[in-house]
Amino acid sequence: MTEITSRVTAVGPQAFSGEAPLIILFDNSATAALKEVAVIQQFDGDSEKNVQLQVGDQLTLKGQVYPIVWMGSLVNANLESIGHATLVFQAAPIESDQALQNGIYLGAGPLPTLQVDDKITYTHLD
């Protein structure tokens, strides 16, 4: 089991204002416009370079463990390069061409409201 943790360093004023059950994550390299709608995360050191998630792995947000039920083909590369993924709190898509390729689908569940200093733990179960 491999765990990688990031810390929330900023929450955009519009990050939780929409009706869609999702959270957009970026690292500090996000543009000013993206920072308005995103949660900004900072990984410890270069640990984001070690994130290699797959279906069946887990994310922990505010103490709640969410299983990854589906993920897009761009997730690992985007997390490594710009700390980006979109957390989607709904069931896995039936057709993968209808899914977000930067999306980590966590199943239907409560949408946590992240705050500065909250931790996000990415757990690869090997």
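Are any residues in the range 27-56 touching a helix residue (DSSP H, G or I) at 6+ places or on another chain (Cβ under 7 Å) and modelled with pLDDT of 85 or more, and if so, which ones?
Keep residues of the range 27-56 that are touching a helix residue (DSSP H, G or I) at 6+ places or on another chain (Cβ under 7 Å), which gives 27, 29, 48-49, 51-53.
Correct list: Asp27, Ser29, Gln52, Leu53.
Does Gln54 meet the test of being of a type outside the set (Ser, Thr, Tyr) and under 18 Å from Thr2 (Cβ atoms)?
Values: of a type outside the set (Ser, Thr, Tyr): yes; under 18 Å from Thr2 (Cβ atoms): yes.
In short, yes.
Taking the conditions exactly as written (within 17 Å of Phe26 (Cα to Cα), surrounded by 18 or more Cβ atoms within 10 Å (Cβ to Cβ) and polar (S, T, N, Q)), does Asn76 satisfy them or not?
No: the conditions fail for Asn76.
Would the range 12-26 turn up any residue that is touching a Phe, Trp or Tyr at 6+ places or on another chain (Cβ under 6 Å), surrounded by 14 or more Cβ atoms within 10 Å (Cβ to Cβ), of a type in the set (Gly, Ala, Ser) and at pLDDT 95 or above?
So the first thing to find is which residues in the range 12-26 are touching a Phe, Trp or Tyr at 6+ places or on another chain (Cβ under 6 Å), and the list is 21.
Now narrow it down to the ones that are surrounded by 14 or more Cβ atoms within 10 Å (Cβ to Cβ): 21.
Next, from what is left, pick out any that are of a type in the set (Gly, Ala, Ser): none.
Checked against the condition, which is being touching a Phe, Trp or Tyr at 6+ places or on another chain (Cβ under 6 Å), surrounded by 14 or more Cβ atoms within 10 Å (Cβ to Cβ), of a type in the set (Gly, Ala, Ser) and at pLDDT 95 or above, the range 12-26 yields no hits at all.
Which of the following residues is touching a residue at least 24 places away in the same chain (Cβ under 8 Å), of a type in the set (Val, Ile, Thr) and closer than 12 Å to Thr113 by Cα: Val39, Val51, Val69? Spell out how you get there, then give the answer.
Working: Val51 fails: closer than 12 Å to Thr113 by Cα; Val69 fails: closer than 12 Å to Thr113 by Cα.
Just one listed residue meets the conditions, Val39.
In the range 28-41, what count of residues is obtained for those that are buried (at least 20 other Cβ atoms within 10 Å of the Cβ) and closer than 14 Å to Leu87 by Cα? Lay out the reasoning, then the answer.
Start the filter on the range 28-41 by keeping residues that are buried (at least 20 other Cβ atoms within 10 Å of the Cβ), which leaves 30, 38-41.
Checking which are closer than 14 Å to Leu87 by Cα leaves us with 38-41.
Number of matching residues: 4.
Under the condition of being of a type in the set (A, V, I, L, M, F, W, C) and farther than 27 Å from Asp46 by Cβ, which residue from the range 71-106 is modelled with the lowest pLDDT?
Applying the first criterion (of a type in the set (A, V, I, L, M, F, W, C)) to the range 71-106 yields 71, 74-75, 77, 79, 82, 85, 87-89, 91-92, 94, 99-100, 104, 106.
Going one step further and asking which of them are farther than 27 Å from Asp46 by Cβ, we end up with 89, 91-92, 94, 99.
Working: Phe89: 96, Ala91: 88, Ala92: 82, Ile94: 77, Ala99: 87.
Across the range 71-106, the extreme among qualifying residues is Ile94.
Is there any pair linking a residue in the range 90-112 that is farther than 16 Å from Leu53 by Cα to one that is of a type in the set (Lys, Arg), with Cβ under 9 Å and at least six apart or on different chains, and which?
The qualifying pairs are Pro112/Lys62.
The values are calculated or read from the model by the stated rules, or taken from the named source; none is laboratory data. Note that the coordinates shown come from a computational prediction; the quantities given were computed from them, not determined experimentally. Please note: Cβ atoms are built from the backbone with ideal geometry, for glycine as well, and neighbour counts cover all protein chains shown.
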